[in-house]
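Down below is the structure, laid out as structure tokens.
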Amino acid sequence: MMLSQEYLHLEEQYGARNYKPLDVVLNRGEGVWVWDVEGSKYLDCLSAYSAVNQGHCHPKIMETMIEQARKLTLTSRAFRNDQLGLFYRDLCELTNSHKILPMNTGAEAVETTIKAARKWGYTVKGLPREQAEIIVCERNFHGRTITITGFSTDDNSRKYFGPYTPGFKIIPFDDVKALQEAITPCTVALMVEPIQGEAGVIVPAPGYLREVKQVCESKSVLLILDEIQTGLGRTGKLLAEEHDGIEADLTIVGKALAGGFYPISAVMSNTEVMDVLQPGEHGSTFGGNPLACAVARTALQVLIEEGMIENASEVGAYFLYGLKQINNPLIKEIRGQGLMIGMELYPEAGGARRYCEELKKKGLLCKETHDHVIRFAPPLVITKADIDWALNIIEDVFTAK
């Protein structure tokens, strides 16, 4: 049996260096728990950045994947398959959407909304060609393609990768007045995360999305919500937009859409916007493949039938309350919604990474973001007993420092 250090050596020798993971080598997962190659057990408080909301290796999703893999995995979109329409129906009925466009990754889905919004601007809103503007927010994270990187405000993400795609305007997050002032006759859309995850779990003021929606409607501007991390139960609602009682014109989901078993993302939209895309204008060889669609249908089913969304709301509030009881002057703020929680530390703490490494030694896996924030986002199947165990570990680490 190879040891962790041997695996780490292989990665260091042969792998690109664009990641800095914690030095734990995992080889098995079940529910909220994962094990490394030496057999040590850990509570996963990251959920693969919310891709395994349903828990690791959910048996029903696994059964569907095996069954579908035995029958048909890929046809491309040159032909139809028997799972695609069923996936469309299930997701539309669940989210009150009109139309679905499936892709593979979150970044691809974001690029899809950009293309759809721009064409809508030219063909429906009547803008002059090449003049469409899309508004985004500071500290956004929507992916890593060149276009998306171009409207990031994270210098580390964009510093050496220009020139970039034009047509984007950046405003502060959680600032309705800034949105009103930024809109011009050429504005076609606002793209925003309901909660900014990579920025450090930044939760806007209550009602922010509702006000944003009103402004967009009044100015004939599309509202695009990136729910790749916040969607599918993470915040205690199926979609985070539900907290403000709105429906976006375009909503992006991914990550947990297949429960961590297979890459699939989707753009959910109203008919007016989605129908601007015509044959040959956009597509994907793997997008909408039967394996992804079958797995996603079951992943959605267990999310609803097993009460995971309600559990995220209840247990998330319990976790948030428990974290706020930890008394350490280096903790600046605890914030979050549902099971999407951030613990921000003061700079004097010496960075969040060192605490993540200490938590790992005690059997809890989480990850720092933006230097000073620890993100806690366990699978939605976590129990209060699991949370109590985690809180004891977290308190021990922050009491010892």
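The values are calculated or read from the model by the stated rules, or taken from the named source; none is laboratory data. Owing to the predicted nature of the structure, the values given are computational and were not obtained by experimental measurement. Backbone-built Cβ (ideal geometry, glycine too); neighbour counts: all protein chains shown.
Tabulated data for the structure shown
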read-out: Region 58-78 residues that are crowded, with 16+ Cβ neighbours inside 10 Å, paired with ones that are assigned to a helix (DSSP H, G or I) and hydroxyl-bearing (S, T, Y) (beta carbon under 7 Å, 6 or more apart); value: I61/T298; T64/T298
read-out: Filtered residues of region 271-317 (kept if out of contact with any Lys or Arg (no Cβ under 7 Å at 6 or more places or on another chain) and polar (S, T, N, Q)); value: Q278, S284, T285, N289, Q301, N311, S313
read-out: Output for region 256-275, where each listed residue is over 16 Å from L94 (Cβ atoms), buried (at least 23 other Cβ atoms within 10 Å of the Cβ) and among the hydroxyl-bearing types (S, T, Y); value: none
read-out: Evaluation of I114 against (1) touching a strand residue (DSSP E or B) at 6+ places or on another chain (Cβ under 6 Å); (2) β-branched (V, I, T); (3) surrounded by 18 or more Cβ atoms within 10 Å (Cβ to Cβ) (one fails), failing number; value: (1)
read-out: Elements of type helices (runs of 4 or more DSSP H) in region 142-214, at least 2 residues being over 16 Å from K115 (Cα atoms) and without any contact (Cβ under 8 Å) to a residue 24 or more places away in the chain; value: 155-158, 176-182
read-out: Matching entry among A294, A299 (being in contact (Cβ under 8 Å) with a residue 24 or more places away in the chain, under 30 Å from D90 (Cβ atoms) and under 18 Å from the mean Cα position of the chain (by Cα)); value: A299
read-out: Residues being of a type outside the set (G, A, S), out of contact with any helix residue (DSSP H, G or I) (no Cβ under 8 Å at 6 or more places or on another chain) and either over 25 Å from K237 (Cβ atoms) or surrounded by fewer than 19 Cβ atoms within 10 Å (Cβ to Cβ) (or both) - total across region 5-45; value: 23
read-out: Condition met for I382 (on the phi < 0 side of the Ramachandran plot, in a loop (DSSP other than H, G, I, E, B) and surrounded by fewer than 19 Cβ atoms within 10 Å (Cβ to Cβ)); value: no
read-out: Counted residues, region 79-98 - those being exposed (fewer than 12 other Cβ atoms within 10 Å of the Cβ) and of a type in the set (D, E, K, R); value: 2
read-out: Answer from S220, S265 - the residue that is among the polar types (S, T, N, Q), on the phi > 0 side of the Ramachandran plot and touching a residue at least 24 places away in the same chain (Cβ under 8 Å); value: S220
read-out: Index of the failed condition, E111 passing every other in (1) among the charged types (D, E, K, R); (2) touching a helix residue (DSSP H, G or I) at 6+ places or on another chain (Cβ under 8 Å); (3) in contact (Cβ under 8 Å) with a residue 40 or more places away in the chain; (4) within 18 Å of G231 (Cβ to Cβ); value: (3)
read-out: Residue within region 345-352 that is assigned by TED's automatic domain parsing to the domain that holds R234, at pLDDT 95 or above and touching a His at 6+ places or on another chain (Cβ under 9 Å) present; value: no
read-out: Residues satisfying the stated conditions in region 316-367, i.e. hydrophobic (A, V, I, L, M, F, W, C), within 14 Å of I393 (Cα to Cα) and either more than 25 Å from the chain's Cα centre (by Cα) or part of a strand (DSSP E or B) (or both); value: I326, L364, L365
read-out: Wholly within region 14-96, strands (runs of 3 or more DSSP E) carrying at least 1 residues that are touching a Pro at 6+ places or on another chain (Cβ under 7 Å) and not assigned by TED's automatic domain parsing to the domain that holds K255; value: 41-44
read-out: Residue that is at positive phi and either part of a loop (DSSP other than H, G, I, E, B) or assigned by TED's automatic domain parsing to the domain that holds W35 (or both), where the choices are D371, D388; value: D371
read-out: Enumeration of residues in region 276-300 that are surrounded by fewer than 17 Cβ atoms within 10 Å (Cβ to Cβ) and either closer than 21 Å to N53 by Cβ or among the small types (G, A, S) (or both); value: G280, G283
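Yes or no, residue by residue, for (1) modelled with pLDDT under 95; (2) within 29 Å of A117 (Cβ to Cβ); (3) out of contact with any helix residue (DSSP H, G or I) (no Cβ under 7 Å at 6 or more places or on another chain):
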{"site": "N270", "(1), (2), (3)": "yes, yes, yes"}
{"site": "V276", "(1), (2), (3)": "no, yes, no"}
{"site": "G287", "(1), (2), (3)": "no, yes, yes"}
{"site": "Q301", "(1), (2), (3)": "no, no, yes"}
{"site": "F319", "(1), (2), (3)": "no, no, no"}
{"site": "K324", "(1), (2), (3)": "no, no, yes"}
